[in-house]
Structure formats: structure tokens, C-alpha cells
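The values are calculated or read from the model by the stated rules, or taken from the named source; none is laboratory data. Predicted model only: the values in this text are computed from it and were never measured. Glycine gets a Cβ as well: all are built from the backbone with ideal geometry, and neighbour counts include every protein chain shown. Ligands, DNA and RNA are stripped out before the accessible areas are found, and what is left, the full protein with its side chains, is counted by its heavy atoms. Shrake-Rupley method; radii C 1.70, N 1.55, O 1.52, S 1.80 Å.
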Amino acid sequence: MKKIAILVGARPNFMKAAPIIRALRASKSKGKVKAESSKGKEKNPASDQLHLVLIHSGQHYDRAMSQVFFTELGLPKPDRHLGVGSGSQAEQTAGVMAALEPVLREIKPALLMVVGDVNSTMAGALTAVKLHIPVAHVEAGLRSFNREMPEEINRVVTDSVSDLLFTTEKSAEKNLRAEGVPPGRIHFVGNVMIDTLLALRGKARKISYYRKLGLQPGEYALVTLHRPSNVDAVPELREILRALVEVSKILPVVFPVHPRTRKNLEAFGLWKKSAKGPGLILTEPLGYLQFLSLMDRARMVLTDSGGIQEETTVLGVPCLTMRNETERPVTVEVGTNIVVGSNQKTVSSTQYAVGSWSERIVAEAGKILRGGGKKGRIPAKWDGKAAIRIVEITRKYLLSSNAQAQMTK
Ligand code: UD1
């Protein structure tokens, strides 16, 4: 029997891990995976059984940032909770590494699986590889080519030490091969975040959360904002706020405020100002189903998130990404995404745009209102089955020494 440990830590990790855990459990019911709780109770342990251990780093700890997702996504209670919490980039990364090392030494998993690009992802991968534990990275190979983003460093480092690299789009394989990753390690499996979206879209629709906010479907914009480059400095935050206030004069704007953003809005004296926008509806961070319900029926989404660019593409909702680049180019090439950057050059346009950043955001929002925005298509393999592919490949990798040898070629 082999143990497979999965590490989660921050909000976007939970919807990525959930379908993998579900697929592992389904595999278990076929006699291939055994949960931690059933340890020692199996009557006929087969040699090909996988035993799942879920570890939560505690990077996100508020109920609204963590527990609510465990409940809504049906995630099991973590077997281990590291309780690391917030801190600077180094403090948080080091905190996860120091807390995870003794746990991995004790559990001795055959493999550690990490998801996404948060600090816990990179910290987990580094800790495992130094203990000679193979690492699987889900959502490998995405590159913004902007090393000022903490997530870009996390992606590059994690991929460089991973043994199994599961990718969501073709650009990721190209990036990994350019960095010298052996092709046998790269597996184009699709998008686990979309597995979760497709599984819960029906349930989210029944909530009609927009009605609770007094809104009609298709008649509001939805905003998320939390990138340090957008919210940690006054000029950028003020510029985006200006754009949101302008858009809210034409269309109600729902803005669930991330804790980082709220802290900064308050510290910069912008909180009262943002709360005063005519059609700006500020809320606490929302649960998965509430947010999906809002996103599904929004006229447009304005965001600096990574995952939301992908989710809006699948929902067919126009998305304006308020960043200078995207590590998810398929959402622009195939999907509904348009990148509106502060540096006056967007990914979608080879022309330098005119006007201030806020003016350009408002202009793009106006185009969507008049023309309906990009229609887009669903990218290859974003079909709800990515986690099943991941579990199958991981199982083969762990159970076949031949497969392991092939993948390292
Ligand atoms: C992290 C990830 C980012 C991801 C985002 C999703 C990194 C480098 N960044 O950013 O990729 O898109 O999560 O939310 O890993 N806080 C709370 N309660 C919590 C968690 C955080 O109040 O439960 C506050 C704290 O003041 C903290 C701040 O939010 O200092 C930032 O949290 P942190 O985990 O450092 O980064 P995020 O901005 O959430």
C-alpha cells in the first residue's frame, strides 16, 4: 500500500483538490484507494491500494476563506493542520516548510501532490523533494513571465522539482519543455477547477444569489481584486477603484472584498470612498456556491484572479482581467477573456492604447455592454474529467516502477 499526501493551503487550492479527492475515493470504492480513517480496517489489503492523507497548511484560516469551502465542496477534514497563517513571503513559505517536514517524515508518503501556485504549493514541493519524496504538481507550466508576481516564482520553483506535471492548456507544455522538463513527466489532463465548476454549477444556479442582493440576471458586473501589484500600493488601487465607480454608474457592481484588499483600502483611507460608489455593492468574501451563482449570471466580470479567467471562459461570461499579462493565454485565445493592463499594452492588442488605466477599463466595459463581449469556446479537455485522468496517471506512476523510469526519461 502506498500513501499519497495532498497539500492544500489557500482558497483557490480547495476547489482544485476537491475533484482529485473525489476521484481518489471513487478509485477506492473500486479497491484501489484507502482513506486514512479506514487505516488498519481493510480485510484484504491489495498491493495496489493508495492511502490518502490530506494536509492543510493553514495559509488561509478565516471561515470565509477556508472552512466554508470544505463544507460546500465536500472536502474531508484534513488529517493534519499545520496552522501556519499569514506572514511575509519568506515567513509564510518557511513556516509551511518547517511545519510540513516533520509531518512528511512521520507519514512517509510515496508522493506529495500540490496544486496551483500559492506559497503553500511551492513550500510543499520544496520540502518533499528535499526528503526525496516525489512531487506531483497540478496546474503545472503556466507562466506570466512576470517575476514580480509571487505566484510566478512559486510556479517556476514547483515545476522545477516536480516528477509529475499535470497541465491545463497547451501553452504550459511549451513553457515546461522550454525550461528543459523531460516530456515524459508532462501530462495534459485538463482543468480540475473546471471539474468543480461543472459538478456544482446546477447547485449554484438554484441559489440565485443575485436576487438576495436585489439584482436581475445579466444586469450587474462582478469584481474580484487581491493581487499585491493591484492592491498593495495607493496609485494602482485608487485607479482601479476609479474605474469601478465609473462602471457602477451604468451597471451595479458587486465586489466581494478579499481580506488583503479590505485591509489596504482601510489603511489607505479609501474604504469609505469605495463604499460610497453609487452602484457599488461591497460584500464579505463569498462562499463557492454564492460566488459561482453570481459569476454565472453576471453581464461581465472584472478581476485580477487567475482561476476566474478560466471559470468565466467556461461559463461564457465576458471577463476583463486587470493585469498586464496572463499566465492562462488560452482564456484570451479561445475564451472570453480580455487583458486590460496598466502598462497601456494589453495581451489582446498589439497597439498601445490611449488614456489612463481606469479610462481603458471603463472603455472595455462599455464595449461589452454595447456588443455583448467575446463569446469564446471551451478549451480542450476542460470537460470535468481532469481529476480522473490525474488519479489514473498518478496510480500508474506509483504502482509501476517501469512507468516511473519512463517518466524520468
Ligand atoms: C494568496 C495567494 C494567491 C491567491 C490568493 C487567493 C500566495 C503568494 N498568494 O494570496 O495566489 O490568489 O491567496 O485568495 O500564496 N487574510 C485573512 N484571512 C485569511 C487569509 C488571509 O485575513 O484567512 C489576510 C491577512 O491579512 C493576510 C492577507 O490576507 O496577510 C494576505 O493573505 P496571503 O495568504 O498572504 O495572500 P493572499 O493575498 O490571500
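List of remarks:
- Relative contact order of the range 82-146, defined on C-alpha pairs under 8 angstrom at six or more residues apart (%): 32 percent
- The sum of -39500 (n - 2.57) across all DSSP H runs of n ≥ 4, divided by the residue count of the chain, sets its helix-only mean residue ellipticity at 222 nm to -14000 deg cm²/dmol.
- As a length-normalised measure over Cα pairs under 8 Å and 6 or more apart, the relative contact order of the chain settles at 15 percent.
- Scanning the chain for GluC sites (Glu not before Pro) that sit in a DSSP loop and have at most 12 other Cβ atoms within 10 Å, the longest stretch containing none of them is 220-409.
- With all protein chains in place and a 1.4 Å probe, the accessible surface of the chain carries 52 percent carbon and sulfur.
- Exposure of residue 145 as accessible area (Å², to 10), given a probe of 1.4 Å and all protein chains: 150 Å²
- The length gained on full extension between residue 178 and residue 91, counted as 0.36 nm times the residue separation minus their Cα-Cα distance, comes to 28.2 nm.
- Calculated accessible area for the chain comes out at 41 Å² per residue, all protein chains present (probe 1.4 Å; ligands, DNA, RNA ignored).
- Each Cα pair under 8 Å and six or more residues apart adds its sequence gap; the mean of these over the residue count of the range 208-328 is a relative contact order of 31 percent.
- Entries of 2/28; 249/272; 130/385; 16/108 with Cα pairs more than 20 Å apart: 130/385; 16/108
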